[in-house]
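Colleague: Here it is: the structure, laid out below.
The values are calculated or read from the model by the stated rules, or taken from the named source; none is laboratory data. Please read these numbers as outputs of a predicted model, since none were measured by experiment. Every residue, glycine as well, gets a Cβ built from its backbone with ideal geometry; the counts of neighbours run over all protein chains shown. Please note that ligands, DNA and RNA were not included when accessible areas were found on the heavy atoms of the full protein model with its side chains. Shrake-Rupley method; radii C 1.70, N 1.55, O 1.52, S 1.80 Å.
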Amino acid sequence: MFMATKMFRALEIPNYRLWIVGALVSNIGTWMQRVAQDWLVLTELTNHDAVATGITTGLQFLPVLVLAPYAGLIADRFNKRHVLMVTQSFMGLCALILGLLVVIDSAQLWQVYVLAGLLGIGASFDAPARQAFVSEIVPGSHLANAVALNSANFNLARLAGPGVAGAVIALVGTGPAFLLNGASFLAVITSLVFMRKDALHPSTPVVRGKGQVREGFSYVKGRKDLLLIFFLAFIIGTFGLNFQLTNALMATEVYGVGAGEYGILGSIMAVGTFAGALLAARRSAPRWRFLIGGGVFFGLAALASAWMPNYLLFALMLIPVGLGALTFLNSCNTMVQMSVPAQYRARVLALYLMVVQGGTPIGSPMVGGFAELFGTQIAVTIGAVLSLGASLLALFMWQKFKTNAVPLRSQFRELLGR
């Protein structure tokens, strides 16, 4: 009972309960859209064109490369709750437009590209405000738990979303999946409207001035620990975390299955990520051994998954893949949030998101190109090896940052939790 109470302690706060319920509905819709968008491009608008699918995914993340520093500044300068109302409304509109185009049988590939880019613009401004807003809903003593529960929430949606998307696509097509996602944004907007304003803990807005975007970069540059996190997040985010693309290619090209089986892959993988999120919720603070260990574990599991001999074994292998990925990402996110002062938090989070997501426009088309040239399994292998290599390099770099010069053997023991 005590362990369960500790795991869900952030839910004691009424505003956080509102927030997490609205986020769950919206996240289910988001995962439905991701599955439907890849399926639309891969099977309806092209003849299984991996590069086109990679470009679509890349365009959704491309804006973060340009806009993230400014998006973080806006979140630091303005009321985050108001920013979220605008961004959620904009992204919902993009989903509705795509859904209508598909329903009336007018969708073209270039239109999907444009709407993916617009959705990426909305997400670029939404993400830093949403991440930083959590610290205004809950007190600092509950922040690590709230961040972990956000991850659990996201991955609970990932359990449901792809499976629901596969069923919707199989029954009525991709258009209704986009329409349902557009409607799901109302859940977050509603939760923001009904929150108790007097129970929030808003940070002091940053006063307008010169060089404030540059201040965010300078702050990160002066923190070796953040630079190490950003390096590892870039490599793994760019070359390893391309599940939208690689799972679709593995499903269709390697195992020859349909939309329903493809949607199930995301749900099975979410079993691992959900378990990882719940384990993270038990920890009172993030640790380096979970961050780097999560990267190592993810690289090994992804490498093994690429060579599973059949669909069932591949699907089961996605559970440890998801566990490793979530352990790594949650540790990165929590470390950044808990170690950065409030006046810089949104800007630094925006730079972190730029690093972990902004590499997707580079990595996704590259992985698609590798799949076209060498085959899907080789493409997944390349991403896994790069992720594993970067994690091992980060382990050696981490040792250098340690002020007490602990021997490497002891570092490995700490990493393994012994």
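Colleague: Is it the case that segment 49-65 has a residue that's open to solvent by 10 Å² or more (accessible area, probe 1.4 Å), part of a loop (DSSP other than H, G, I, E, B) and not polar (S, T, N, Q)?
Modeller: Looking for residues that are open to solvent by 10 Å² or more (accessible area, probe 1.4 Å), part of a loop (DSSP other than H, G, I, E, B) and not polar (S, T, N, Q), one finds at least one in segment 49-65, hence yes.
Colleague: Restricting attention to segment 208-222, and to residues there that are in contact (Cβ under 8 Å) with a residue 40 or more places away in the chain and either of a type outside the set (A, V, I, L, M, F, W, C) or open to solvent by 40 Å² or more (accessible area, probe 1.4 Å) (or both), which single residue is farthest from Gln399 (Cα to Cα)?
Modeller: The extreme case among them is Arg208.
Colleague: Determine which single condition Val271 fails, assuming it passes every other condition in (1) open to solvent by 40 Å² or more (accessible area, probe 1.4 Å); (2) without any contact (Cβ under 8 Å) to a residue 40 or more places away in the chain; (3) assigned to a helix (DSSP H, G or I).
Modeller: (2)
Colleague: Can you find a residue in segment 203-216 that is hydroxyl-bearing (Ser, Thr, Tyr) and either modelled with pLDDT of 85 or more or part of a helix (DSSP H, G or I) (or both)?
Modeller: No, every residue in segment 203-216 fails to be hydroxyl-bearing (Ser, Thr, Tyr) and either modelled with pLDDT of 85 or more or part of a helix (DSSP H, G or I) (or both).
Colleague: Continuing with this model, one more query. Of the numbered conditions (1) within 24 Å of the chain's Cα centre (by Cα); (2) within 30 Å of Gln377 (Cα to Cα); (3) at pLDDT 85 or above, Val257 satisfies every one except a single condition; which is it?
Modeller: Here Val257 clears every test but (1).
Colleague: Is it the case, given these coordinates, that Thr190 is under 24 Å from Arg347 (Cβ atoms) and in a helix (DSSP H, G or I)?
Modeller: No, not satisfied.
Colleague: May I pose another question? Being surrounded by 22 or more Cβ atoms within 10 Å (Cβ to Cβ), part of a helix (DSSP H, G or I) and touching a Lys or Arg at 6+ places or on another chain (Cβ under 7 Å), is that true of even one residue in segment 70-92?
Modeller: yes
Colleague: Another question about this same structure. Consider only pairs whose beta carbons are under 7 Å apart and that are at least six residues apart or on different chains; among these, list those whose first residue lies in segment 234-254 and is farther than 15 Å from Met317 by Cα and of a type in the set (D, E, K, R) and whose second residue is buried (at least 24 other Cβ atoms within 10 Å of the Cβ) and at pLDDT 90 or above.
Modeller: Glu253/Thr376
Colleague: Within segment 4-54, track down each residue that is among the charged types (D, E, K, R) and closer than 28 Å to Glu253 by Cβ.
Modeller: Scanning segment 4-54 gives Arg34, Asp38, Glu44, Asp49.
Colleague: So, one more: Report, by residue number, each residue of segment 324-344 that is outside any helix (DSSP H, G or I) and either touching a helix residue (DSSP H, G or I) at 6+ places or on another chain (Cβ under 6 Å) or open to solvent by less than 20 Å² (accessible area, probe 1.4 Å) (or both).
Modeller: Across segment 324-344, the qualifying residue is only Val340.
Colleague: Identify the single condition in (1) polar (S, T, N, Q); (2) touching a residue at least 60 places away in the same chain (Cβ under 8 Å); (3) part of a loop (DSSP other than H, G, I, E, B) that Gln33 does not satisfy, given that it satisfies every other one.
Modeller: With respect to (1) polar (S, T, N, Q); (2) touching a residue at least 60 places away in the same chain (Cβ under 8 Å); (3) part of a loop (DSSP other than H, G, I, E, B), Gln33 is out only on (3).
Colleague: Next question. Check Ile137 against each of (1) over 27 Å from Thr238 (Cα atoms); (2) open to solvent by 10 Å² or more (accessible area, probe 1.4 Å) and name the one condition it does not meet.
Modeller: (2)
Colleague: Here's a follow-up. Spot the failing condition for Ser305; the list is (1) closer than 25 Å to Leu249 by Cα; (2) among the polar types (S, T, N, Q); (3) open to solvent by 10 Å² or more (accessible area, probe 1.4 Å), and only one is missed.
Modeller: Among (1) closer than 25 Å to Leu249 by Cα; (2) among the polar types (S, T, N, Q); (3) open to solvent by 10 Å² or more (accessible area, probe 1.4 Å), the lone unmet condition for Ser305 is (3).
Colleague: Pick from segment 354-395 the residues that are at pLDDT 90 or above and β-branched (Val, Ile, Thr): which of them is surrounded by the most Cβ atoms within 10 Å (Cβ to Cβ)?
Modeller: It comes out as Val380.
Colleague: If you don't mind, there's one more thing I want to ask. State all residues of segment 39-48 that are touching a Leu at 6+ places or on another chain (Cβ under 9 Å) and either crowded, with 23+ Cβ neighbours inside 10 Å or closer than 22 Å to Met354 by Cβ (or both); if no residue qualifies, say none.
Modeller: Residues satisfying the conditions are Leu40, Val41, Leu42.
Colleague: Go through (1) aliphatic (A, V, I, L, M); (2) open to solvent by 10 Å² or more (accessible area, probe 1.4 Å); (3) at pLDDT 85 or above one by one and return the number of the condition Leu228 breaks.
Modeller: All conditions are met except number (2).
Colleague: For segment 157-176, does any single residue satisfy the condition of being open to solvent by less than 50 Å² (accessible area, probe 1.4 Å), in contact (Cβ under 8 Å) with a residue 40 or more places away in the chain and not in a helix (DSSP H, G or I)?
Modeller: Within segment 157-176, one or more residues are open to solvent by less than 50 Å² (accessible area, probe 1.4 Å), in contact (Cβ under 8 Å) with a residue 40 or more places away in the chain and not in a helix (DSSP H, G or I).
Colleague: Another question, if that's okay. Has segment 281-293 got any residue that is under 22 Å from Leu392 (Cβ atoms), in a helix (DSSP H, G or I), under 17 Å from the mean Cα position of the chain (by Cα) and modelled with pLDDT of 85 or more?
Modeller: yes
Colleague: While we're here: Give me the pairs, please: first residue somewhere in segment 355-379 and outside any helix (DSSP H, G or I), second residue anywhere and of a type in the set (Phe, Trp, Tyr) and at pLDDT 85 or above, beta-carbon distance under 6 Å, and either six or more positions apart or on two chains.
Modeller: Gly359/Phe234
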